[in-house]
Amino acid sequence: MFSIIGLLSKWMLPAILAFIPLYGAFRKVPVYESFIEGAKEGFPTAIALIPHLVGMMVAVSIFRESGALHFFLQGLAPLLSWFGFPEEVLPLSLLRPISGAGSLAFVESIYRTYGPDSFVGRLASTMQGSTDTTLFVLTVYFGAVGIRRSLYAVKVGFLADFAGFLASWLIVSMVFG
Amino acid sequence: MVNYIWLFMIVSGIVAAAAQGKIEVVTRAALQGASEAVAVCIGLISIMVFWMGIMRIAQDSNLLQKFANLLRPFVQWLFPGIPANHPAMGYILSNISANLFGLGNAATPMGIKAMEEMQKLNPDPKTATPAMCTLLALNTSGLTLIPTTIIGLRMKYGSLDPTEIIGTTLFATCCSTLAAILLDRWYRRRHERAAL
């Protein structure tokens, strides 16, 4: 199963890369000029993201490096471990939605301490792999088009992450527990 | 809400640093965060330029439209606010497919293109539309078939079976995506009722 999906992933990109221009040529589209026209938009879009991303990543960095994140986790720990959630992985549930690099570094520290094949290692893997960095995705996608008011998107993102963590805990306990 | 989260992270960080008598950490953390952010954006330039070029060919040759037609009922159900023939549909589907197949690099430019197309339908360009929130919900829940980064990391740390977490991850990501879709629906209804 995995080898098929792995093979598919490896071939997907070259296949798309061959198919789109070929189809374009077949449809009499001047493919190279069309590519350049579209590509022109890439640069300003990436640059327009800078203020949004700087603003968000500065705040996340201060929150993490100052120890404030750690402090809030300690406050949360007794509450969640009361439900039986493994204390070692707990910080990940707060870190994952706000910082992609930070949560990945945390997963590495779990692997180093407990090993990737331990229960907490498997749980951390599943939690990290099953959701994306909500705050980052929000900043990039809305920032790129200049959206300032995000309605209920933040709430939905964080609540869905939480649902994902509960599901990870449940399934890892059932499969590997 | 983003305003409050942002303010909260900065102020609580400064208070925490001051309380521990290591206020100098704040300046270092701020500058470090800023330079990381710029590095991310610079890294995005090449990806965005490349994929937006390729996707323009797909758009000019009507391929994107064809692709959108294939899965129209599903996407129409998810995004009732977007006209069926709108170019945003093709980009939304490309974004979802790229995410599914683990082409994270391609997913971001396509998602941004989808947002740009949806922005054209937006009466108030500073405020997100419900359709934009739906696309965002699908992306933040991180729907993917194979978590490639994690598998690589497990390999690096000598896991005996690095891929054993694919099944559990797939289950969890389906749950969080389902939760995202349902929550999005619920909040959208509430938002639309409030607007009436």
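A few remarks follow.
- Computed on the Cα atoms alone, the convex hull of the stretch A:85-177 gives a volume of 81 cubic angstrom per residue.
- Tail beyond 13 Å, pair distance distribution of the stretch B:103-147 (Cα, percent): 58 percent
- Cβ-based charge dipole, the stretch B:76-174, positive-most Cα from B:Trp77, B:Leu143, B:Thr129: B:Thr129
- Between 0 and 90°, nearest 10: helix A:100-114 axis offset from chain A longest Cα axis: 50 degrees
- Figure legend: label point modelled 7 angstrom from the Cα of B:Tyr4 along Cα→Cβ; residues of the stretch A:118-152 with amide N under 20 Å from it are A:134-136, A:138-139, A:148-152.
- Rounded, prolate or oblate (a/c below 1.5 giving rounded, otherwise prolate when a/b exceeds b/c) for the stretch A:25-124 by Cα gyration tensor: prolate
- All Cα pairs of the stretch B:109-190, percent lying beyond 20 Å: 50 percent
- Principal-axis tilt of helix B:166-195 within chain B, Cα atoms, nearest 10 degrees: 80 degrees
- Given charges at beta-carbon only (K, R positive; D, E negative), |dipole| of chain B in Debye: 320 debye
- The magnitude of the dipole of the protein assembly as shown, with charges of +1 and -1 set on the Cβ of Lys/Arg and Asp/Glu and taken from the Cα centre, is near 700 debye.
- Only alpha carbons enter this Debye calculation for the protein assembly as shown, each as an equal point scatterer, and the log10 of I(q)/I(0) it gives at q = 0.10, 0.12, 0.14 Å⁻¹ is -0.66, -0.95, -1.28.
- In sequence order, calculated HN-Hα J values of the stretch B:78-85 (Karplus, 6.51, -1.76, 1.60; Hz; x Gly/Pro): 6, 10, x, x, 9, x, 4, 9
- Based on the reciprocal of the average 1/r between different C-alpha atoms, the Kirkwood radius for chain B equals 19.6 Å.
- Compared with the alpha-carbon gap, the fully stretched path from A:Leu22 to A:Ser118 is longer by 29.7 nm at 0.36 nm per residue.
- Three principal axis extents describe the C-alpha atoms of the stretch A:63-106; from largest down they are 28, 19, 14 Å.
- Cα long-axis angle, helix B:130-140 against chain B (0 to 90 degrees, to the nearest 10): 60 degrees
- Helix-only mean residue ellipticity at 222 nm for chain A, each DSSP H run of n ≥ 4 adding -39500 (n - 2.57), per residue, nearest 500: -25500 deg cm²/dmol
- With the alpha-carbon atoms of the stretch B:1-75 aligned to their principal axes, the span from lowest to highest coordinate is 61, 30, 14 Å, starting with the largest.
- B:Phe67-B:Arg28 FRET efficiency (beta carbon distance; Förster radius 56 Å; 0.05 resolution): 0.75
- Per-residue Cβ neighbour counts within 10 Å put A:Met12, B:Met9 in the sequence A:Met12, B:Met9, beginning with the fewest.
- From the C-alpha gyration tensor of the stretch B:37-94, square roots of 5λ in Å: 27, 15, 7
- Geometric extent, Cα atoms of chain A - Rg, Dmax (angstrom): 20.8, 65
- Once backbone amide H atoms are built at 1.01 Å from N, A:Arg149 has B:Thr127, B:Ala128 as its partners under 5 Å, excluding neighbours fewer than 5 places away on the same chain.
- In this rough spin-label picture, where each label sits 7 Å from Cα along the Cβ direction, the B:Tyr157-A:Ala101 distance is 2.0 nm.
- Whole-Hz ³J(HN,Hα) from phi, Karplus 6.51 cos²θ - 1.76 cosθ + 1.60, for the stretch A:55-68, glycine and proline x: x, 6, 6, 5, 5, 4, 5, 5, 4, 7, 5, 6, x, 5
- Ordering of B:188-194, B:72-78 by burial proxy (mean other Cβ atoms within 10 Å per residue, highest first): B:72-78, B:188-194
- Taking the centroid of alpha carbons for each part, the stretch A:34-58 and the stretch B:68-89 are 26 Å apart.
Every read-out reported here was derived from the displayed coordinates using simple, explicitly stated rules and does not represent laboratory data. Quantities reported herein were computed from a predicted structural model and do not represent experimental measurements. Cβ coordinates were reconstructed from backbone atoms using ideal geometry, including for glycine residues, and neighbour counts include every protein chain displayed.
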